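Notes follow once the structure below has been shown.
The values are calculated or read from the model by the stated rules, or taken from the named source; none is laboratory data. These figures come from a predicted structure and were not determined experimentally. Note: ideal-geometry Cβ built from the backbone for every residue, glycine included; neighbour counts use all protein chains shown.
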Amino acid sequence: MKQCKACNANISYSSTYCRMHFQNGARNNRYGKHPWNYIHRKEKYYCMDCSKKVSTKFTKRCQSCAKKFHYKANPETIPGYGRLKEKSSNWKGGKPRCVQCNKLLSAYHVKRCKGCEDKLRWVNGTSGIQQYIKKYGQPIWKRIQYKGIWMRSSWEIKFAKVLDSYKVKWLYESKIFKLRLTTYTPDFYLPETSLYIEIKGFFRLKSKQKIREFKRTYSKIKFMLIDKHIYLKTIDKQVLPEELIAIIKDN
């Protein structure tokens, strides 16, 4: 069996060194029987200031002592970072300030603070809200008033107008019903027929769950849902649904 030239370990006939010494630089018998990396691993070296162990014989000081030594020799610098502020060749005068209000900014590429930038965009007509209005029209952020009652949507106002044209009495959000974890308030109540009506153009998951729970818990109460399809076919054309007309006539 052939042996490694560095440590006399058993190796194959085609090899000269074992895997450890081959990876550490012992190739072609360049360093003799004991390669330099192998010897270096056994020896220990220490910092000349604090006697802390260091990695190689070329390292005179540990990292912390080297920073202290560098700072004593160059007091104008931060240990390990370079020169202080104005004395540095890369100093750009510190972080910039807003052009309009002189507020200190967080980045070098910014010219204005967020408030001044929003005001400028609003003046130029490039703000997000103005872009939305140009594309989709004026959104409804607040309630709309009809007959002294503040309603939540234009669809509800249109439905109230259609009821008035048919001379049907109605109440808006007259009663709050308690559910298991929340409450539910139907949009309209017709006192002549004891019917609650809900108008929904867009159904969120929470709204669907709430209506299902209302129907389950208050099954004896008369309830009617007018969704987008029914609304566009009837109320949008100033006509009540046939089902609702039949209920009104019966009473």
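Just checking, how many residues over segment 212-251 are touching a Gly at 6+ places or on another chain (Cβ under 9 Å) and either farther than 15 Å from A160 by Cα or at pLDDT 90 or above (or both)?
As a first pass, look at segment 212-251 and keep what is touching a Gly at 6+ places or on another chain (Cβ under 9 Å): 227-228, 231.
Going one step further and asking which of them are either farther than 15 Å from A160 by Cα or at pLDDT 90 or above (or both), we end up with 227-228.
Summing the residues that are touching a Gly at 6+ places or on another chain (Cβ under 9 Å) and either farther than 15 Å from A160 by Cα or at pLDDT 90 or above (or both) in segment 212-251 gives 2.
Residues of segment 112-160 being surrounded by 13 or more Cβ atoms within 10 Å (Cβ to Cβ), of a type outside the set (S, T, Y), closer than 27 Å to K228 by Cα and modelled with pLDDT of 85 or more, which ones?
Of everything in segment 112-160, those that are surrounded by 13 or more Cβ atoms within 10 Å (Cβ to Cβ), of a type outside the set (S, T, Y), closer than 27 Å to K228 by Cα and modelled with pLDDT of 85 or more turn out to be I149, M151, W155, E156, I157, K158, F159, A160.
Every residue in segment 38-49 that is surrounded by 12 or more Cβ atoms within 10 Å (Cβ to Cβ) and at pLDDT 80 or above, please.
Scanning segment 38-49 gives Y45, Y46, C47, M48, D49.
Scanning segment 196-213 for residues that are out of contact with any Phe, Trp or Tyr (no Cβ under 8 Å at 6 or more places or on another chain) and either exposed (fewer than 11 other Cβ atoms within 10 Å of the Cβ) or aromatic (F, W, Y) (or both), which turns out nearest to E156 (Cα to Cα)? Give the derivation first.
The initial filter retains those residues of segment 196-213 that are out of contact with any Phe, Trp or Tyr (no Cβ under 8 Å at 6 or more places or on another chain), namely 200, 202-209, 212.
Going one step further and asking which of them are either exposed (fewer than 11 other Cβ atoms within 10 Å of the Cβ) or aromatic (F, W, Y) (or both), we end up with 202-206, 212.
Values: F202: 13, F203: 15, R204: 18, L205: 21, K206: 20, R212: 21 Å.
Looking at residues that are out of contact with any Phe, Trp or Tyr (no Cβ under 8 Å at 6 or more places or on another chain) and either exposed (fewer than 11 other Cβ atoms within 10 Å of the Cβ) or aromatic (F, W, Y) (or both), I get F202.
Residues that are more than 25 Å from T234 (Cα to Cα): which helices (runs of 4 or more DSSP H) entirely in segment 124-217 hold 3 or more of them? Outline the logic, then answer.
Values: elements: 128-136, 154-165, 205-217.
Of the helices (runs of 4 or more DSSP H) lying wholly inside segment 124-217, those with at least 3 residues that are more than 25 Å from T234 (Cα to Cα) span 128-136, 205-217.
Give segment 231-251 a look and list any residue that's assigned to a loop (DSSP other than H, G, I, E, B) and free of Cβ contacts under 8 Å to residues at least 12 places away in the same chain, or say none.
Step one: filter segment 231-251 for residues assigned to a loop (DSSP other than H, G, I, E, B), giving 234, 238-241, 251.
Residue satisfying the conditions is T234 alone.
Pairs under 7 Å by beta carbon, first residue closer than 13 Å to I211 by Cβ and not assigned by TED's automatic domain parsing to the domain that holds E198 in segment 175-186, partner of a type in the set (A, V, I, L, M, F, W, C) and modelled with pLDDT of 90 or more, six or more apart or different chains?
none
Applying the selection to segment 214-230, what residues are in contact (Cβ under 8 Å) with a residue 40 or more places away in the chain and exposed (fewer than 12 other Cβ atoms within 10 Å of the Cβ)?
Of everything in segment 214-230, nothing turns out to be in contact (Cβ under 8 Å) with a residue 40 or more places away in the chain and exposed (fewer than 12 other Cβ atoms within 10 Å of the Cβ).
Does segment 1-24 include one or more residues that are modelled with pLDDT of 80 or more, assigned to a loop (DSSP other than H, G, I, E, B) and of a type in the set (K, R)?
No, segment 1-24 contains no residue that is modelled with pLDDT of 80 or more, assigned to a loop (DSSP other than H, G, I, E, B) and of a type in the set (K, R).
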